[in-house]
Amino acid sequence: MSFNTFGRVFRFTTWGESHGPAIGAVVDGCPPGLALAEADIQPWLDKRRPGTSRFTTQRQEPDQVRILSGVFEGKTTGTPISLMIENVDQRSKDYSEVALAYRPGHADYAYDAKYGFRDYRGGGRSSARETASRVAAGAVARLVIPQVQILAYVSEIGGDAIDPAAFDANEIGNNPFFCPDPAAAARWEGLVDAARKDGSSLGAVVECVASGVPAGWGAPLYAKLDSELAAAMMSINAVKGIEIGDGFAAARLRGEQNADPMRPGNDGKPVFLANHAGGIAGGIATGQPVRVRVAFKPTSSILIPVETISREGEASELFTKGRHDPCVGIRGVPVVEAMMALVLADQALLHRAQCG
C-alpha cells in the first residue's frame, strides 16, 4: 500500500521523482467558482525555488507550474485540479556512487528495505524536490481560506536563534534566510557559509503563524487540528520535530503559568491574555493565532566522508556529490506555509460539512 494523498475533504496527491521528467500534484475537493490561474501559484513556488542564493542548492529549476485540468475560464470547476512542474536541471551522473552504497541520514536503506530497490537519482521520491508539488497545492488551498493570513520564517539556524524583541515581519523578505531579525540574518551568513565551505550542513527551526483562523475549526480526538498539523509538518522531508504553542516548554511550567486566561470581550467572545496553547484547545481552534515550530535536521547530503555499507553489506565510506542545500530549513519556509494552508483548508471544509 502506498500513501501519497493527504487530507479528508480538501485532498491533494503528489507525484513524480527528483530526476524524472516532471513532478506535480492533483488537488481534489476544491470548491468550484474560485478564481485560479498559474500566476496565483507561481509566486509561492518562486519563494521555494532553488538556486536563488549561495545559501541554497545551485540546481537551476525555473519551477514553472502548468494547470492541466480543473479550471475553466479562470475558475475552479470542482473537479480535480492537476498541476505539473517540469524538471529541467537534473544531473543523475552525480549519483553513480550512491547506486552502490547507502547515504547515511537519507532514506536510501529504508526504501531498499521496503521495496527491494530504489531510485538513487537524487533520492527519487524521498527527495525534497517533491515539496514543490506541495507548495503548488498550498497555493490552491489559500483560495479556500481567504480570511486566514499565514506567515512563516526561520527563527534559528545551527543553534543560533533570533531575538524576539527584534522581530520585524517586514525584514522576512529582505534576506535569503526568511529571517525577521536583521542582526541574526547577518550572523547566519557567516554560519551557513562556513558549513558550506566545510562541505557540511546546518539544521534550522521554522516558525509559522496563522492569523484569522475562526474559533471552531478542528475536531475532537481523531481529527484534532493540532494532530493534523503535526502529521502534515512531520511529512515534510528532513523534519524531525514539531511544537504547537509553547510545545516542550509547557512541560516546564506550572498549571497557572501555562493557562491562557480569558476576559470578556465587547462582542461576547473572550479576550485571551496569553496563547501558550498555540490557538488550539481540545483539538479545536480558539480563534487565537495558530502557532507551530518545525525542526529541520541538517541536510544529510554532505561532502564529508561518512561510514556506511554497500548494498551487499560491505563496509564503505561515502560522501555525496551534487548540488545540495547547506541548510534545507531555509527553503522549508514556503513548504511549512503550504502545509499549514492545506490543513486549514481541509478543516474549514470539514467544519462547514458538519456545522454549516
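The values are calculated or read from the model by the stated rules, or taken from the named source; none is laboratory data. Not measured: the values here are computed from a predicted model. For neighbour counting, all protein chains shown are included, and Cβ atoms are generated from backbone atoms with ideal geometry for every residue, glycine included. Ligands, DNA and RNA are excluded from the accessible area calculation, which covers all protein heavy atoms including side chains. Shrake-Rupley method; radii C 1.70, N 1.55, O 1.52, S 1.80 Å.
If you wrap a convex hull around the alpha carbons of segment 223-297, what volume per residue comes out, as a whole number of Å³?
Values: hull volume 6.8 nm³, N = 75.
Cα convex hull per residue, to the nearest whole number: 90 Å³.
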Query raised in the report: All other residues with a Cβ under 11 Å from the Cβ of residue 80 taken together, and with Lys, Arg as +1 and Asp, Glu as -1, what is their net charge?
Result: 0
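If you take every residue apart from residue 152 with its C-beta less than 9 Å away from the C-beta of residue 152, what net charge results, scoring Lys and Arg +1 and Asp and Glu -1? Mind showing how you got there, number by number?
Details: positive: none; negative: 207, 337.
Its environment carries a net charge of -2.
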Requested in this report: State the answer as a single residue: which of 349, 279, 294 lies farthest towards the positive end of the charge dipole of the chain, with beta carbon charges of +1 for Lys and Arg and -1 for Asp and Glu, about the Cα centre.
Outcome: 349
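So, for segment 248-315, what is the accessible surface per residue at a probe of 1.4 Å, expressed in square angstrom? Each step should come with its number before you reach the end.
Working: 4350 Å² over 68 residues.
Ligands and nucleic acids excluded, the figure is 64 Å² per residue.
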**Report entry** Residue among 144, 205, 88 with the largest mean-square fluctuation in a Gaussian network model of the chain, springs linking Cα atoms under 10 Å
**Finding:** 88
Query raised in the report: What 222 nm value per residue comes from the helices of the chain, counting each DSSP H run with n ≥ 4 as -39,500 (n - 2.57) and dividing by all residues, nearest 500 deg cm²/dmol?
Result: -8000 deg cm²/dmol
Query raised in the report: Considering segment 260-356, what Rg and Dmax in Å follow from its alpha-carbon atoms?
Result: 22.4, 70
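What's the carbon and sulfur percent of segment 74-194's accessible surface, probe 1.4 angstrom, rounded to a whole number? Provide the component values of the computation, followed by the final result.
Working: 2860 of 5210 Å².
C and S fraction of accessible area: 55 percent.
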Query raised in the report: Can you give the Rg and Dmax of segment 91-201 based on its C-alpha atoms, in angstrom?
Result: 18.8, 52
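Provide the gained length on full extension for the span residue 249 to residue 309, in nm with one decimal, where the gain is 0.36 nm per separating residue minus the Cα-Cα distance. Mind showing how you got there, number by number?
Numbers: separation 60, 0.36 × 60 = 21.60 nm, distance 3.88 nm.
Length gained between residue 249 and residue 309: 17.7 nm.
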Report task. Please identify the longest segment of the chain free of exposed chymotrypsin sites (Phe, Trp or Tyr not before Pro), where exposed means a DSSP state other than H, G, I, E or B and no more than 11 other Cβ atoms within 10 Å. Result -> 118-356
Report task. May I ask which of 197/297; 47/297; 114/240; 47/240; 75/224 have a Cα-Cα span longer than 24 Å here? Result -> 75/224
Query raised in the report: Hey, what angle do you get for helix 328-355 against the long axis of the chain, alpha-carbon based, 0 to 90 degrees rounded to 10?
Result: 40
Query raised in the report: Any idea what the dipole of the chain comes to, in debye rounded to 20, about its Cα centre with Lys/Arg Cβ at +1 and Asp/Glu Cβ at -1?
Result: 480
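At 1.4 Å probe radius, can you tell me the per residue accessible area of segment 117-210 in Å²?
On the way: 3520 Å² over 94 residues.
Accessible area per residue, segment 117-210: 37 Å².
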**Report entry** Amide H contacts under 5 Å for residue 299, placed H, 5+ residues apart
**Finding:** 202, 328
Query - Proximal aspartates and glutamates relative to residue 269, as straight alpha-carbon distance under 17 Å, when same-chain residues fewer than 8 apart are discounted - result: 260
Query raised in the report: How large, in percent, is the carbon and sulfur part of the accessible surface of segment 286-341 at a probe radius of 1.4 Å?
Result: 52
Query raised in the report: What is the helix-to-structure angle for 38-48, meaning the angle in degrees between its Cα long axis and the longest Cα principal axis of the chain, kept from 0 to 90 and rounded to the nearest 10?
Result: 60
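Express the Stokes-Einstein translational diffusion coefficient of the chain in µm² s⁻¹, to the nearest whole number, given a Kirkwood radius over alpha-carbon pairs, 37 °C and a viscosity of 0.692 mPa s. Working shown, then result.
On the way: Rh = 21.4 Å.
Stokes-Einstein gives a translational diffusion coefficient of 153 µm²/s.
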Query raised in the report: Mind checking the dipole of segment 289-328: about its Cα centre, +1 per Lys or Arg Cβ, -1 per Asp or Glu Cβ, Debye to the nearest 20?
Result: 440
Query raised in the report: Among 84, 101, 167, whose Cα lies farthest out toward the positive end of the dipole of the chain, if unit charges sit on the beta carbon of Lys, Arg (+1) and Asp, Glu (-1)?
Result: 84
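Step by step: find N for segment 152-220, compute 2.2 N^0.38 Å, then divide the Cα radius of gyration by it. What's the final number? Each step should come with its number before you reach the end.
Details: Rg = 15.0 Å, N = 69, 2.2 N^0.38 = 11.0 Å.
The reported ratio for this selection is 1.36.
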Query - Residue among 231, 202, 214 farthest towards the positive dipole end of segment 189-235, charges placed on Cβ - result: 231
Query raised in the report: Taking Cα atoms, how many degrees apart are the long axis of helix 182-197 and the longest axis of the chain, rounded to 10 and kept between 0 and 90?
Result: 20
